[in-house]
Every structure is written in C-alpha cells, then in structure tokens.
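The values are calculated or read from the model by the stated rules, or taken from the named source; none is laboratory data. In this text, all values refer to a predicted model and were calculated from it rather than measured experimentally. Here Cβ is always computed from backbone atoms with ideal geometry, including for glycine, and neighbour counts include all displayed protein chains.
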Amino acid sequence: MNQSQHGQWSSRSAFILATTGAAVGLGNIWKFPYMVGSYGGSAFMVVYLICIVLIGLPIMIAEILIGRQARQNSVSALNMLACQTSSKQTSAWRYLGWWGSATLILVLSFYNVIAGWSLGYAYYAISGHMKALDAEGFKQLWQHFSGSPVLLIFWHSLFMLFNFWIVKRGVKRGLEQATHYMMPALLVILVALVVYASQIGDFQSAWNFLFNFHPKALNASVTISAMGHAFFTLAIGAGCLLTYGCYLGSTISIIEAVVTVAALDVLVALLSGMAIFPIIFHYHLPISSGPGLMFLVLPVALTQMPAGQWVAGLFFILMALAALTSTISLAEPPVVLLMEHYKLSRTKAITSVALTSWIIGLGSALSFNRWHNYKLMHWTFFDASTDLATNIMLPIGGLGFCLFAGWIMPKKQSMDALQPCPTWLYRTWLSLIRYVAPVGILIILIASPF
Ligand code: PFF
C-alpha cells in the first residue's frame, strides 16, 4: 500500500476524532434544526435517517477506502485506481475529483459566512451586548447584524483567517491538535444544554415533533432536502473523506470507524434538536425561521437563565468550534489537490483556496442585506449556493463514488482494502454501493423539484 506524502493520523482515535470533526458542524447545530423546522419535523427525520444508513454509510466507506488505497489527492487517486483496471494512462474518473473540490470550495464559501455569524454572536454574548434584551431587542440585534455588510464581511474574513492558519500547519500539528480538544468540549457543552432545555422547556412537544411520523408531510422537496442534508452532514460526495482516508494507517478497520463517526454525527444532531426544540415550543418561537433560527430565537431563551450571558456565549463558541473542524475539512482536500497537482507549497495552496471561497462567500454575506432583492427565480445568492452544493453537487458526486467503488474497482481490491471485515458485511456493503445507493440517489434527484 502507498504512503501519503502529507503524513498519517497518529492513531485510530485521531482519525475518528478528525472525521467526526468534519462531519459534526453547523450542519448538525445550525442547519439540522432549521431544516427539520421548515420541512415538517419527523417526515424530514425519517428520510434523513434512511438516507444516512442506506446511502451515507456505504459512500463514507467507499470514499475512505479509495483514499487509503491510493494515498493521493482525489484527482490522482481516482485516475490511478481507474488506470490500474484498464491499461490507459489517464481516465475520465479524475474529473470526479475536480468536481468534488469545486463543490468543497462552494460549500466553504457560504459555510464560512455562517461560521462568522456564530463568532459574532459569541462576541455579542460575552461582551454584554445581549444583556437585558427582550424578544424584540433580539430581533433588532439580528436585523442590525445581518443587515450590515460590513459586520458580516468582517466576521466572514476573521473566520477564514482562523481556518487558513490551522490548515497551513498541516495534518499532525493543525488538524489533529485542533480536533483533539474541540470535539470533546463540544459534546460536553451540548449535553449540558439538553439538560437545561429539558428542565425549562417543553420536552414532550419537541419529542412529538421530531419522532411522531406523519407520512402525509412527505413530498419531493422534503425528500431531496433530507437526502442532501445526509450528504452534507456526513461530509460525503466531494472527496473530503477520501482525503482523510489517505492519512489512515492500513491496520485500522474502516467500517468500525465509519459506524462510530456516523453514530456520533446523528447523536449530535439529535442532541442539538433536543436542546433547541423544547425551548422553541416553550416560548412559542417561530419554528420555521430558516437560516436565522438559531440567531433570532435561541438567545431569547438562553439569556433568560441564570448567567445567561455566559450560556449564550458558550453556545455560540460551541457552534464556532464545530464549524472550524468542518471548515478545515472543507479546505484540506482542495489544498492537497493543488499541492500535488500544481506542486504548490502548502501556504500558496491554502491561500488560493481560502481567497477563492472568501470571494464567493462575499455573495452569500451580501444576500442578507445589499443583494437581498437580487434573485434567480426565488433564490438569493446564498440560497443558490447552499441548494446547488447540498442538494445537487454533493449527491451527484456521491453517485460517482458509488459507481467507482462498486463497479470500477475490482472486487478483490475493495475487499482487501476493507479488511478486517467478515464476508457477509462486505457483500452487504457491495450491494448497497452497487444498487441501493445509486438507484436511491438517482430517483430522488430525478423527482426533485429543481
Ligand atoms: N459535515 C459538515 C457539517 O455538517 O457541518 C459540513 C461539511 C463538511 C460538508 C465537509 C461537506 C464536507 F465535505
């Protein structure tokens, strides 16, 4: 098996932590609650969970095994493995790698803007700006914040600088150290928030909203959004996990690692749902407030508790930390691609990636103020970036990985790469990646309202 020139994870738990860091992020804390809120609660939940198991898990495994087998950036990895099976020099499969990196840069552009919001709100909470504000005051704070291009661009830029700094330090010093402390801190704060919400909030209504399934609420837009969200939250479909797989030692079981990461990812989403919805129901806050849900309604409740200023501050720091481990994972694959393909230094590569997504992100930041009325159909620039990347580009990339791992890689190669793994489990994965996942993605994409 090859070695990656960028180093290796020092242990199995370092890999699991970093991959969980990629998976767990704003998708779980910011996006999951507002999507569930806007798309009918449990109907969204059911499709999301089915997609995680039948489509998400097999693709996670596929991406990591491709990465570990090739130990190169996604373009060269796909090219090399495809060429090994035919006797050609280059293969069109390499375009799947480029597609993935373009997707990651687009995701990073809007993701970083929202990550900046959490940083800005953490600052507001800790510096006392939220003291003595009532619901109306928070609405005004949100309007002031989101309505100001200068503020949004300032926090967007600051967050991009943090990301730049960590990715510049490379795998061991940057990625591992960052996630080692952030992930456990995140879980602790989240559990504390759930305990708090269960004491003061309406837990029963939240539970019913999330888990009492009403089939009538299911429709094509719920289905495509839930599938897109499964891709987004597991960080699959764009080669991010392929790149993390490059740094994975050859004796570690991929399947075990993947199941652990996916379980943690779903757990954090459910925990953040159980932290937020009891409060929303208790205070009768508007459940379908869209992307502003967290920022518009949650501080109302958080700041009413004892030491509320600090609780709110902690909550937004938690969001920023979760976002940082994900923005790192969004930037790393295109950085490695530029380093290996164009022989750029790490500094030059991260500068190009950060600058490109920072510039595209300006469009998202301006969507909430200056460009609010510039729409393509009903989409602002921000809506177009999120929907295009999440609901279309990630699933198409995911479809590519299914076809590659299921039909292009020889069975013997994928079986060897998945060891240690019992034969029945390998066969189950193979059927999912060959038939169930690609057919599911195609049906949902074709039926989608876009
Ligand atoms: N999974 C991250 C989240 O839920 O916030 C977002 C993400 C990271 C998407 C990495 C895609 C990706 F490649």
**Message:** The conditions are (1) more than 19 Å from the chain's Cα centre (by Cα); (2) part of a loop (DSSP other than H, G, I, E, B); (3) among the aliphatic types (A, V, I, L, M), and ALA238 fails exactly one of them. Which is it?
**Reply:** (1)
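For region 222-247, name all the residues that are of a type in the set (S, T, N, Q) and either modelled with pLDDT under 95 or away from the ligand (no atom under 11 Å from the Cβ) (or both). Quick ask: steps written out before the conclusion?
Let us first name the residues in region 222-247 that are of a type in the set (S, T, N, Q), namely 223, 225, 233, 243.
The answer is THR223, SER225, THR243.
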**Prompt:** Between residues in region 227-247 that are more than 17 Å from LEU96 (Cβ to Cβ) and residues that are more than 7 Å from the ligand (Cβ to nearest atom) and outside any helix (DSSP H, G or I), which pairs lie under 8 Å by C-beta distance while being six or more apart or on different chains?
**Reply:** TYR247/SER4; TYR247/HIS6; TYR247/GLY7; TYR247/GLN8; TYR247/TRP9
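Quick check: anything in region 134-154 within 20 Å of the chain's Cα centre (by Cα), buried (at least 24 other Cβ atoms within 10 Å of the Cβ) and assigned to a helix (DSSP H, G or I)?
First, the residues of region 134-154 that are within 20 Å of the chain's Cα centre (by Cα): none.
No, the conditions are met nowhere in region 134-154.
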**Fill in**
By residue number, the members of region 223-267 that are closer than 24 Å to LEU190 by Cβ, in contact with a Gly (Cβ under 9 Å, 6 or more places away or on another chain) and buried (at least 24 other Cβ atoms within 10 Å of the Cβ) are HIS229, ALA230, PHE231, PHE232, THR233, LEU234, ALA235, ILE236, CYS240, LEU241, TYR244, ASP265
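Do you know which residues across region 100-128 are under 25 Å from SER364 (Cα atoms) and out of contact with any Ser or Thr (no Cβ under 9 Å at 6 or more places or on another chain)?
Here is the first cut: in region 100-128, the residues under 25 Å from SER364 (Cα atoms) are 100-125.
Hits for region 100-128 are ALA102, THR103, SER118, LEU119, GLY120, TYR121, ALA122, TYR123, TYR124.
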**Item:** Residue match in region 47-62 (condition: buried (at least 24 other Cβ atoms within 10 Å of the Cβ), among the aromatic types (Phe, Trp, Tyr), away from the ligand (no atom under 11 Å from the Cβ) and part of a helix (DSSP H, G or I))
**Value:** yes
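Please state which one of ALA365, ALA331 is in contact with a Pro (Cβ under 7 Å, 6 or more places away or on another chain), within 23 Å of SER109 (Cβ to Cβ), assigned to a helix (DSSP H, G or I) and modelled with pLDDT of 85 or more.
Details: ALA331 fails: in contact with a Pro (Cβ under 7 Å, 6 or more places away or on another chain).
Just one listed residue meets the conditions, ALA365.
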**Request:** Taking PHE277 as the residue in question, decide whether it is under 18 Å from GLY25 (Cβ atoms), of a type in the set (Phe, Trp, Tyr) and buried (at least 23 other Cβ atoms within 10 Å of the Cβ).
**Result:** no
**Asked** Within region 382-397, can one find any residue that is without any contact (Cβ under 8 Å) to a residue 12 or more places away in the chain, away from the ligand (no atom under 16 Å from the Cβ) and either assigned to a helix (DSSP H, G or I) or not aromatic (Phe, Trp, Tyr) (or both)?
**Response** yes
